[in-house]
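Inspection log for the structure reproduced underneath, given as structure tokens.
The values are calculated or read from the model by the stated rules, or taken from the named source; none is laboratory data. Keep in mind the model is a prediction, meaning the values are calculated, not measured. Because the Cβ atoms are built from the backbone with ideal geometry, glycine has one as well, and the counts that use them run over all protein chains shown. Areas reflect the complete protein model, heavy atoms only, side chains present, ligands, DNA and RNA absent. Shrake-Rupley method; radii C 1.70, N 1.55, O 1.52, S 1.80 Å.
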Amino acid sequence: MRRPAKRILSVFVGAVAVWGSACSSSGNETTSLSSSVLVSEPAKTVPPISSAPSPAETSVGIKPATASAACDPIRVMPLGDSLTSYLESYRGPLFRSLTVAGWNVDFVGSGSGEPIGGGDPDHEGHGGYRIGPDAALDWEGNPANLANGIGGWIPKAKPEVIVLNIGTNDVAAGGETSQRAPAQLTGLVAALRTLAPDAQIVVGDLPPNAWVPEGTSETQAVGTAAQQIAKASPDFVQFTPVYNRMRANGFDLTPGVGTTDNTHFTVSGGIAFAAVLEPEVVGALQRVRRC
């Protein structure tokens, strides 16, 4: 693991001691790899965020959240690796888009970094992290996986919605690490459910990236696990088909276009990522909304 000049990715989730051996193996209705890589300098401008209804509003008849701003803010935790932590991530455009739509949200987490273009700085993204648990350490000597951290992060932040994005580092590492990823993702979500039983969880498959060859069995297995998790707990977990939506929207991995380094997104790439996450995030907010 290396410090700030180089960032490492890690994309889908880990478990915690809460689920024990799991790795080895709400609300009212409402409305919107281990190898190092260099990350480009932040872009100077950000395309404007549209105030048009979100895809969720237009495709499934969700009404705009016109009254939610008067409610207490809903606590949303962006949880994952560097695709969550870095400043060009989806956090900024997602926060701004939800705010424009009328949602009163408070992003929470132990990390802080205001995204390019503005937005709530709080998050729980950790560069280089895997799902876990495993023996990898970060540059501060901490276990470099989500499984070993959520036992402290979740009770402190008390999220009501968790946007989970993890797993690319696991698959890119290959070998047993890659093979364990689907079961570990299942274990992580089970642990999150135990730590925050009333929270809504949005989980997706791996986004497009050049570190992990497209269509590999390991990549597909992570996506299948995410779908099965959501299918098993439809009242609390929602699946986002990240890869297919981004490809269908014409996302371009080319460095300088959609990514800085074939994997980490540019500002426009972060906006594209936020757009595919938003429908399920809105659905989660609907289930939490209190007034």
ask   = Measuring from label point to label point, each 7 Å out along Cα→Cβ, what is the Glu140 to Arg247 span in nm?
value = 3.7 nm
note = Along the dipole axis of region 196-291 (charges at Cβ: +1 for Lys and Arg, -1 for Asp and Glu; origin at the Cα centre), the most positive-end residue among Ala221, Phe273, Pro255 is Phe273
query = Can you give the accessible area of Leu98, probe radius 1.4 Å, in Å² rounded to 10?
reply = 0 Å²
inquiry  = Tell me the accessible surface of Trp139 in square angstrom (1.4 angstrom probe, heavy atoms of protein chains only), to the nearest ten.
reply    = 90 Å²
